[in-house]
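Data block below; observations after.
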Amino acid sequence: MTSQTDTQGSVTTVYKVSGMSCGHCEGAVSGEISAIPGVSSVAAVAASGEVTVVSAAPLDEEAVRAAVDEAGYELAGTV
């Protein structure tokens with residue numbers, strides 16, 4: 001189940017991340033995912049556990065999983 005929207009040369013994907021509980025968590029996850037090549041914006045919301053990523057092309061889920069893991073959280077999949 002993938003939530004991807006193609007909009008004028010960009011792809012928006014919403015991921016579910018478990019373990020985020022505060023603004024620091026949001027920043028850690030956003031920072032790691034932002035480092036993935038092709039990512040233009042990341043918006044993490046701890047309250048819902050959702051991370052919205054806008055990228056130039058669909059991202060490799062394993063790259064996103066590795067970034068989330070590096071931040072200390074767990075990728076639960078896509079919304």
Fill in the blank from the handout: Rounded to the nearest 10 degrees, the helix 23-34 long axis (Cα) sits at an angle to the longest Cα principal axis of the chain of 40 degrees
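Give the relative contact order (percent, whole number) for the chain; include only Cα pairs under 8 Å separated by 6+ residues.
Value for the chain: 40 percent.
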Handout entry: Acute angle (nearest 10 degrees) that the helix 61-70 long axis makes with the longest principal axis of the chain, alpha-carbon atoms
Key = 30 degrees
Problem - Approximate spin-label separation VAL79-THR12, in nm, with each point projected 7 Å along Cα-to-Cβ - result: 1.0 nm
Exercise for the section: With a ≥ b ≥ c taken as the square roots of the eigenvalues of the C-alpha gyration tensor of the stretch 27-79, please select rounded if a/c is under 1.5 and otherwise prolate if a/b is larger than b/c or oblate if it is not? Expected result: rounded
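Taking only C-alpha pairs under 8 Å that are 6+ residues apart, what is the relative contact order of the stretch 34-79 in percent?
After rounding, I find 28 percent.
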Problem - Lys, Arg +1 and Asp, Glu -1 on Cβ, resulting dipole of the chain about Cα centre, debye, nearest 20 - result: 180 debye
Problem - 222 nm mean residue ellipticity, helices alone, for the chain (DSSP H n ≥ 4; -39,500 (n - 2.57); rounded to 500) - result: -8500 deg cm²/dmol
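No lab work stands behind these numbers, since they all come straight from the coordinates. As the structure is a computational prediction, the values presented were derived from the model and not from experiment. All Cβ positions, glycine included, derive from the backbone under ideal geometry; neighbour counts span all protein chains shown.
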